[in-house]
Each structure stands twice: as C-alpha cells, then as structure tokens.
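Asker: Can you read through this structure? Questions will come right after.
The values are calculated or read from the model by the stated rules, or taken from the named source; none is laboratory data. Computed from a predicted structure; not experimentally measured. Methodologically, a virtual Cβ is constructed for each residue, glycine included, from the backbone with ideal geometry; neighbour enumeration extends over all protein chains shown.
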C-alpha cells in the first residue's frame, strides 16, 4: 500500500463511528477516555527528557493504579474485627462501606476543572497525597477524653475514608487520559497494565489484609499497612509532577448533549447497576463468607481469587463485544452471570463456594469491562465519548453506591445477608434488561 493510500485509509477510519474502528482493532483499549479532550489549548504530553523517563512515568502510572481499590477491599477483609474492637454502631458500618463509592461520583466532575488550572500531573500528585493521608488517618484513634473508644476511632474512620474516596475519584478520571496521551505508541500495553493494576489492587487488599491482622493482632496495623505503598508512589511521582510547566487551559463546548440522549441514559443505567454489584463485592463478599462460617483468611483468599478472575473477564470481554455491531447478547449474559454468582455465594451450597465466587468474578469483570466499552461503541467521536464517560462516572458511581448501602441496611434489618441475595437477583435481572437495550446498534445523538 502506498503512503497516499495509507493516509487516505487512516482518514477514512478516523471518520468512522468508534464501534467500527474498534471492530477493526479490538485490542485497542478505547475505553481509556481523555477527560481533558474539550480543553484549548490541548494538553501537551508530560514533559520528559528521555525514553528512560517515559518508562519511569509508565511505572508511576501503573503503581498509582495499584493503589486505587485497596481502600475498599482491605476494610471489608477485617470488617468483623473493626466492628467488634472499635464498637462501631450499625449505621457507621453502612456509612463506611457506602461513602467511598458515593464520593467517586461526587468528586469526578471536579477532576477536569482542577486539571485545567493545575495540570493533570499535579492533580494526580495531590490526589496521591490525600490518599496517603486518608489511609494514615483511617485507623487512628483521635482520643476524646471520656468519650470512649467509639468516639476515638469513628471520626478518624469517617474522615480518612472520605479523603480516600475523593482522591480515588480524581485518579479514576484523569489517569486514563494521561495513559492515552503519553503512550499512544504503546496504548495496548499500557492500557492493559493500568487496568490490570486496578484489579490487582482489589485482590491484594482482600487477600493480604487479614494475614497482616493475624500476624500483628491489630486491625489498625492491618489498615495502616496500605498507606506504605501509597506513600512510596507519592514520592516516586513527585519529581515528575513538579517539573511540569503550568499552562492555562479553557474548556470549550463540543459534542452532543448526552444528558438528553435516551441511548446515553440506557448505557448509564447499565453502568449504575453494574457498579451496585461491583462495589458490593468489594464491601460485602468477605463478610458474607465469614457469616457463612468461612474463616477470615480463607474468605480473603476467595475474594482475592474472584477478583483475579475479574481480570480474565475484563481482558477478553471488550474484544469479544467489539467484534459485533450489536452487544445485546454479551451484555445480558454477563449481567445474569454476575447477579447469579452473587446470589449463589449467599444461597448456594458452601462446598461449591469456589465455583460461585469464580462465576461471580468472571461475570463481574466482564460486566464492568463491557459497560465501560459501551462508552466508545455508542459514540461517534472522542468529545462525545468524554461527555458520556463523565455522565457515567458521576451518575454511575453516585447511584451505584446505593448497592452497598442497601446491603448494609438489609443486613441491619434482618440480621443476615439472605435479603441481599434476593436484592442482587433483581439487580442482575435489571442489568440484563438495560444491558440488552444499551447493546443495540445505536449511537448517542
């Protein structure tokens, strides 16, 4: 093929809808949406002096991803110990499992605004500083004279958890765009490493927190241990972020109004329902297993393996979905797998718990991945995709936190997780319905 023919082919491809472009190259992680795409002037790549520094930046971004889910899974791994030893009231347990997810939606819109003023690299650095501070504060005992242990631990737990949720929200929004901007020539590799690191962070939090507790006998030390990797990444990323020049950017209005699109709402509600199940796994699967009689170490291992299987689902599902113009079948199947796996983890024979957890992991990883892939498959340009991504993160995480909230409230009201099992049968069915509708070959317009 001549250079002129090659250029013409490239031009035709960039004019195609995103679904057709991804079908031609299904391994490209097109769900890495740039939150700063509507800015003028366009943000420049991170200022680096050599390929070695570029590799160093890639390492930092992957390590940041490796800290974005330990907050959720580490707390649930020792939830019975924290509840008993800190004498937490029931409402506090519900708030502590729900607030981080809610804050993902609340603070997501602030990320592009801060990046325009300070630069994405500095915002990420600040977010890692806040995350480290939140992880250090979370297990602290603030010690009010005469107030007892409840008052001592509870304020720190609430404030530290809130800080972590806000910091993770900023990283969730800005990291994909930074990966896409700085590694266009290695997008498949870096996108895969970044998404794998996020799944790995949840698996590490679930699998290692309880062993640290058994080794030390202190739940505070088990939670404090997760501040160490966050602080290390903060120090590693510091020299990269501070050397970046400050450039003022202005937001411009481009793309369609996604808030008025029926297709956008179908995709967003699909995201809400998957988020309800996804974060409920992080928050409640370990306590569910322990209530069924599984010891803490084994429960953490089961959750960790389930999350590792999420990586397999998230690796293959987007490529499979993007090969078809219509994703109704795959959306429906993975939604039913997830809801069914969650319910069977509560109602199914305990002898087969590894099977139920594996089904849940494969289903949840695939469900999360195809929900994010819908961003590109249902939009025709990058600007509209960025707007849809913002809508999905704000609404999806904000309303998705109601899943963890309802599980906690149902457990408080009934004294068991059986009602939660019925809840997630319904959520899985609703996710199948909206996944079917979102999977139709239509575009946000």
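Asker: Looking at (1) closer than 28 Å to residue 272 by Cβ; (2) surrounded by 21 or more Cβ atoms within 10 Å (Cβ to Cβ), which one does residue 78 not meet, given that it meets all the others?
Answerer: (1)
Asker: Next question, about the same structure. Output the residues belonging to the range 304-330 that are outside any helix (DSSP H, G or I) and crowded, with 22+ Cβ neighbours inside 10 Å. Outline the logic, then answer.
Answerer: Residues of the range 304-330 that are outside any helix (DSSP H, G or I), as a first pass: 323-327.
Passing the criteria: only 327.
Asker: Looking only at the range 331-345, how many residues end up being in contact (Cβ under 8 Å) with a residue 40 or more places away in the chain and crowded, with 23+ Cβ neighbours inside 10 Å?
Answerer: 7
Asker: Checking residue 412 against (1) touching a helix residue (DSSP H, G or I) at 6+ places or on another chain (Cβ under 6 Å); (2) buried (at least 18 other Cβ atoms within 10 Å of the Cβ): exactly one of these is not met. Which one?
Answerer: (2)
Asker: Criterion first (buried (at least 18 other Cβ atoms within 10 Å of the Cβ), within 30 Å of residue 221 (Cβ to Cβ), in contact with a helix residue (DSSP H, G or I) (Cβ under 8 Å, 6 or more places away or on another chain) and at pLDDT 90 or above) does residue 61 satisfy it?
Answerer: Numbers: buried (at least 18 other Cβ atoms within 10 Å of the Cβ): yes; within 30 Å of residue 221 (Cβ to Cβ): yes; in contact with a helix residue (DSSP H, G or I) (Cβ under 8 Å, 6 or more places away or on another chain): yes; at pLDDT 90 or above: yes.
Here the answer is yes, as residue 61 does meet what is asked.
Asker: Still on this structure, I have one more. Only one residue in 438, 386 is out of contact with any helix residue (DSSP H, G or I) (no Cβ under 7 Å at 6 or more places or on another chain) and either buried (at least 18 other Cβ atoms within 10 Å of the Cβ) or more than 27 Å from residue 103 (Cβ to Cβ) (or both), so which one is that?
Answerer: Numbers: 438 fails: out of contact with any helix residue (DSSP H, G or I) (no Cβ under 7 Å at 6 or more places or on another chain).
Selected residue: 386, the only one of 438, 386 that is out of contact with any helix residue (DSSP H, G or I) (no Cβ under 7 Å at 6 or more places or on another chain) and either buried (at least 18 other Cβ atoms within 10 Å of the Cβ) or more than 27 Å from residue 103 (Cβ to Cβ) (or both).
Asker: Out of curiosity, is residue 125 assigned to a helix (DSSP H, G or I), at pLDDT 95 or above and touching a helix residue (DSSP H, G or I) at 6+ places or on another chain (Cβ under 8 Å)?
Answerer: On the way: assigned to a helix (DSSP H, G or I): yes; at pLDDT 95 or above: yes; touching a helix residue (DSSP H, G or I) at 6+ places or on another chain (Cβ under 8 Å): yes.
Spelling it out, residue 125 is indeed assigned to a helix (DSSP H, G or I), at pLDDT 95 or above and touching a helix residue (DSSP H, G or I) at 6+ places or on another chain (Cβ under 8 Å).
Asker: Tell me yes or no: at least one residue of the range 365-373 is assigned to a helix (DSSP H, G or I), free of Cβ contacts under 8 Å to residues at least 60 places away in the same chain, within 19 Å of the chain's Cα centre (by Cα) and buried (at least 24 other Cβ atoms within 10 Å of the Cβ).
Answerer: yes
Asker: Filter the range 99-111 down to the residues that are in a helix (DSSP H, G or I) and surrounded by 24 or more Cβ atoms within 10 Å (Cβ to Cβ) and list them by number.
Answerer: We begin by selecting, within the range 99-111, every residue in a helix (DSSP H, G or I); these are 99-107, 110-111.
Those that are in a helix (DSSP H, G or I) and surrounded by 24 or more Cβ atoms within 10 Å (Cβ to Cβ): 100, 101, 104, 111.
Asker: Given the residues 82, 130, which is the only one that is closer than 23 Å to residue 207 by Cβ and at pLDDT 90 or above? If you could, list the steps in order and put the result at the bottom.
Answerer: Working: 130 fails: closer than 23 Å to residue 207 by Cβ.
Exactly one residue qualifies, and that residue is 82.
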